[in-house]
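Contents: one structure, followed by commentary.
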Amino acid sequence: METLLQDLRYGVRMLMRRRGFMAIAVIALALGVGANTAIFSVVNAVLLRPLPFKDPGRLVFIHETVRRETVERREASYPDFEDWRDQNQVFEQIAAYAEGQRFTLTGAGAADRIAGELVSASYFPLLGAQAARGRTFLAEEDRAADPQPVAVISHALWQQRFGADPNLLGQTIKVDDRDCVVVGIMPEGFKSLTSEAQIWIPMASLAADRSSKILQQRGARWHQAIARLKPGVTLAEAQADMDAIATHISESNPRTNDKRGVLLVGARDDLFGDIRPALLVLLAAVGFVLLIACANVANLLLARAASRQREIAIRTALGAGRLRLIRQFLTESVMLGLLGGACGLLLAVWGIDLLVALIPVQIPGFVKINLDASVLGFTLAISFLTGLAFGLAPALQASKLDLNETLKDSSRGSTGGAGHNRIRRLLVIAEIALALVLLVGAGLMLKSFERLRAFNPGFKTDHVLTVRANLSTRKYKPDSAAAFSERLVEHIGNLPSVEGVGIGSDLPLDGNSSATMGSIEGSAPGTAENEIRMYHHKVSPNFFATLGIPLIKGRNFTPQDDPQAPPVAIISESMARRYWADENPVGKRITISNDKDGKPIWQQVVGVVGDVKYRTLVRDQNKDPDIYLPFLQLPRLEFGVAVRTSLDPAALTTTLRTEMQSLDADLPVYEIVTMEQRLKDETAQSRFTTLLLGLFAFVAIILAGVGIYGVMSYSVTQRTHEIGIRMALGAKQRDILRLIVGEGLMLVGAGVAIGLTGAMMATRVLAAQLYSVSATDPATFVIVPLLLAGVALAACFVPARRAAKVDPMVALRYE
């Protein structure tokens with residue numbers, strides 16, 4: 001212990017004597033450690049920390065699947081869920097929930113639209129959650145045909161909306177114009193599985209009231225399911241049991257369940273599967289940055305060790321063994337690593353807040369990204385290990401000392417032996433290789449992002465403001481809802497700067513699209529083979545013009561397409577190509593629903609419009625065709641409004657809300673956002689990965705440039721005497737310039753060759769995140785090495801120019 005304290009005191013003195021060296025090393029390490037800590041804090045919260053639910057390792061999500069060209073995940077129907085619940089042998093508990101619901105809360109203030117979930121009674125017990133006040137749902141509230149509506153609310157809603165009224169339990173609140181009894185208040189901080197829900201309603205209660213058939217329709221797929229495995233049951237065993245149940249359901253219900261199965265996914269994989277690849281890529285990227293920083297500091301330590309050869313020789317002559325010298329050098333490097341880690345931790349505190357703001361996906365509310373004990377332990381560990389990593393090679397090299405050779409080298413004015421030079425060059429080659437891998441990855445992501453931004457979504461996003469609204473079921477019926485939509489279009493259309501107004505049951509990229517099964521007239525109905533899965537949209541007559549969706553054939557909807565007119569439809573271009581490739585689809589007929597007698601309602605196709613990316617820009621969910629129906633014939637109480645304006649659409653936000661509520665003071669108006677912002681949100685994950693990879697690549701290229709500059713400067717200093725001799729024998733400045741730059745470019749060439757090989761392997765991981773760009777894109781693999789070579793050339797040129805200007809007489813006397 002005494003010798004360790006001596007090493008520490010001596011190390012502090014040595015570091016304080018070289019404050020400039022220490023500052024450079026600490027800055028390089030702080031960048032690497034800080035970036036690693038910030039990214040690891042997200043990885044820890046999302047991928048490593050246990051989920052805050054009862055027995056999270058046994059939680060699995062249950063997805064219904066459909067086999068088409070590929071196996072696709074779908075939501076479940078309630079009758080399927082009941083069969084899963086009643087027939088399985090592998091689950092301890094199973095629950096159904098419909099996330100992303102919106103409920104209109106009236107009374108106790110202005111009408112408000114709040115987030116909530118429809119859940120089965122087993123939902124809260126399955127998660128191990130109990131109410132802080134009152135209770136959660138009873139089993140009979142799942143089974144009753146028309147139970148007394150009840151609700152459980154969040155602690156935040158209880159405080160904000162009801163003033164933390166201690167007598168709220170047992171009172172009724174108005175939810176979607178229906179009286180619901182508050183039976184429970186959840187604990188402060190409780191978060192649901194996947195959304196910021198503020199209210200929970202039993203499925204058998206409010207869902208039954210919304211549609212008397214939705215709980216009985218096996219073809220109506222609208223909710224998710226989650227289960228807890230019985231102790232000792234593996235995921236594979238549970239999957240086999242559910243496969244058998246799905247097969248039985250499919251055989252018994254071929255019309256609704258043909259080619260449908262079940263997929264079980266572990267809770268963590270299901271919740272965070274989308275973001276895991278991006279986080280792991282970023283974690284690898286910051287690891288590369290840290291390695292480059294370590295190589296830079298190792299180079300600094302090698303140069304410093306060379307200048308300490310006299311000191312080392314004296315200590316060796318006084319009896320210090322090699323192990324003692326190695327320990328001293330490692331003590332100093334570990335101190336340097338810990339100091340860099342402490343500064344990096346300060347950077348990480350700021351970086352974590354930035355990451356949380358930038359993360360593009362909806363992370364469940366129960367995830368807390370912060371500096372906990374695990375993150376602090378990680379920071380301490382990598383600070384210690386990096387201290388050992390960058391200090392080991394200099395310590396071994398410096399302690400391997402021959403006193404006679406050292407004295408000879410000193411007499412010749414050398415500042416280090418050949419071993420130092422080899423290691424320094426190898427470190428620079430490693431820096432170049434690692435930086436190239438990062439630069440190639442960033443280049444591919446940037447090219448992918450630019451192509452994604454330039455992608456045509458099928459509609460015009462500029463100068464469009466969108467909003468959603470929900471009419472009261474108590475005040476409006478279908479005919480009055482249609483009349484209200486016409487008044488709304490006329491009223492908003494009369495506002496200054498407004499150029500067009502369109503109403504739709506859903507809007508592009510707003511997440512409200514609904515799919516259904518339909519048939520073309522002339523095909524044999526009854527099985528999945530000849531039925532078409534399509535997304536249906538109810539839209540107003542000027543909907544397409546407002547959004548800039550082109551009409552290709554036929555006509556638009558008109559005000560005359562009302563309930564008294566024959567049912568009509570407009571289809572997407574891709575649907576027309578797929579089912580009427582050699583015919584004009586205008587005049588053909590499609591059905592997606594039946595009348596009260598069970599007979600199909602046929603809509604005549606009156607037009608064809610361009611394809612629109614409704615659900616997502618690039619994924620396969622867009623391959624199902626779209627069909628548009630007149631909003632006046634099939635009005636919806638919940639709808640979206642698109643407003644095209646000649647001014648900045650964001651400036652219209654307050655006016656739009658005011659004008660809509662002037663027509664109905666109780667009208668909830670929410671999700672007011674520009675269409676350009678919706679498109680920006682859709683590309684957010686690509687932007688996030690591109691931004692961070694680009695930032696890390698920029699840091700890497702700066703560190704690599706500093707590294708090669710340091711090596712070449714050291715080489716010039718070491719070879720000053722040699723340069724003087726060359727110039728005395730007739731070498732010109734250009735010859736010296738070519739010599740030094742050539743030496744640097746040889747290092748760069750070796751690093752680029754190794755880096756390209758590594759990039760070819762590493763970028764395969766990025767393939768799933770790239771859009772319309774190959775992971776081995778030739779342009780990127782050519783431009784990036786040239787860019788890196790240019791930076792390296794600039795880094796070599798400064799010391800080379802200094803060497804070329806050396807006075808031969810001064811150089812010959814240099815020691």
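Based on the Cα gyration tensor of the range 526-598, what are the three equivalent ellipsoid semi-axes, each the root of five times an eigenvalue, rounded to whole Å and given largest first?
After diagonalising the Cα gyration tensor, the semi-axes are 22, 19, 12 Å.
Counting Lys +1, Arg +1, Asp -1, Glu -1, what net charge surrounds residue 603 among other residues with beta carbon under 12 Å of its beta carbon?
Counting the neighbours of residue 603, the net charge comes to +1.
Using Cα atoms only, what is the angle between the long axis of helix 478-493 and the major principal axis of the chain, expressed in degrees (0 to 90) to the nearest 10?
With rounding to tens, the tilt is 50 degrees.
For the chain, what is the accessible area per residue in Å² when the probe is 1.4 Å?
For the chain, the solvent-accessible area averages 44 Å² per residue.
Among 746-756, 500-510, 149-159, 49-59, how do they line up by average Cβ neighbours within 10 Å per residue, starting with the highest?
Going by the mean number of other Cβ atoms within 10 Å, highest first, we get 500-510, 149-159, 746-756, 49-59.
Which value, in debye to the nearest 20, describes the size of the charge dipole of the range 446-567 about its Cα centre when Lys and Arg Cβ atoms bear +1, Asp and Glu Cβ atoms bear -1, and nothing else is charged?
320
Any idea what angle helix 418-453 forms with the longest principal axis of the chain, computed on alpha-carbon atoms, 0 to 90 degrees, nearest 10?
20
With unit charges on the beta carbons (Lys and Arg positive, Asp and Glu negative) and the dipole taken about the Cα centre of the chain, which residue among 547, 333, 284 sits farthest to the positive side?
333
How far, in degrees from 0 to 90, does helix 2-17 lean away from the longest principal axis of the Cα atoms of the chain, to the nearest 10?
Helix 2-17 and the main axis of the chain meet at about 90 degrees.
Sequence gap at least 6, Cα distance under 8 Å: using those rules, report the relative contact order of the chain to the nearest whole percent.
The value is 16 percent.
I'd like to know how the range 422-541 sits against the 2.2 N^0.38 Å rule of thumb: what's its Cα Rg over that expected value?
Compactness ratio reported: 1.93.
How much net charge surrounds residue 202 when only other residues with a Cβ under 9 Å from its Cβ are counted (Lys, Arg +1; Asp, Glu -1)?
Net of charged neighbours comes to -2.
On the protein heavy atoms, probe 1.4 angstrom, tell me the percent of accessible surface of the range 526-602 carried by carbon and sulfur.
50
Hey, any idea what Rg/Rh is for the range 60-160, computing Rh the Kirkwood way over Cα pairs?
Computed over Cα atoms, the ratio is 1.02.
Mind ranking 446-452, 247-253 by how tightly packed they are, going by the mean number of other C-beta atoms within 10 angstrom, highest first?
Per-residue Cβ counts within 10 Å, averaged per peptide and sorted highest first, yield 446-452, 247-253.
Take peptides 765-776, 543-554 and line them up by average Cβ neighbours within 10 Å, highest first, as a rough protection proxy.
Top to bottom by mean Cβ count within 10 Å: 543-554, 765-776.
For the chain, what is the charge dipole size about the Cα centre, in debye to the nearest 20, if Lys and Arg each add +1 at the Cβ and Asp and Glu each add -1 at the Cβ?
Dipole about the Cα centre, nearest 20: 4180 debye.
Once Rh is set to the Kirkwood radius over Cα pairs, what Stokes-Einstein translational diffusion coefficient, in µm²/s, holds for the chain at a temperature of 10 °C and a viscosity of 1.306 mPa s?
50
So what is the calculated 222 nm ellipticity per residue for the chain, using -39500 (n - 2.57) for each DSSP H run with n of 4 or more, over all residues, to the nearest 500 deg cm²/dmol?
After summing the helix terms and dividing by the residues of the chain, the value is -16000 deg cm²/dmol.
The values are calculated or read from the model by the stated rules, or taken from the named source; none is laboratory data. Here the structure is a predicted model, which means the values were calculated and not measured. Here Cβ is always computed from backbone atoms with ideal geometry, including for glycine, and neighbour counts include all displayed protein chains. Just so you know, the surface numbers come from the protein's heavy atoms only, side chains and all, with ligands and any DNA or RNA stripped out. Shrake-Rupley method; radii C 1.70, N 1.55, O 1.52, S 1.80 Å.
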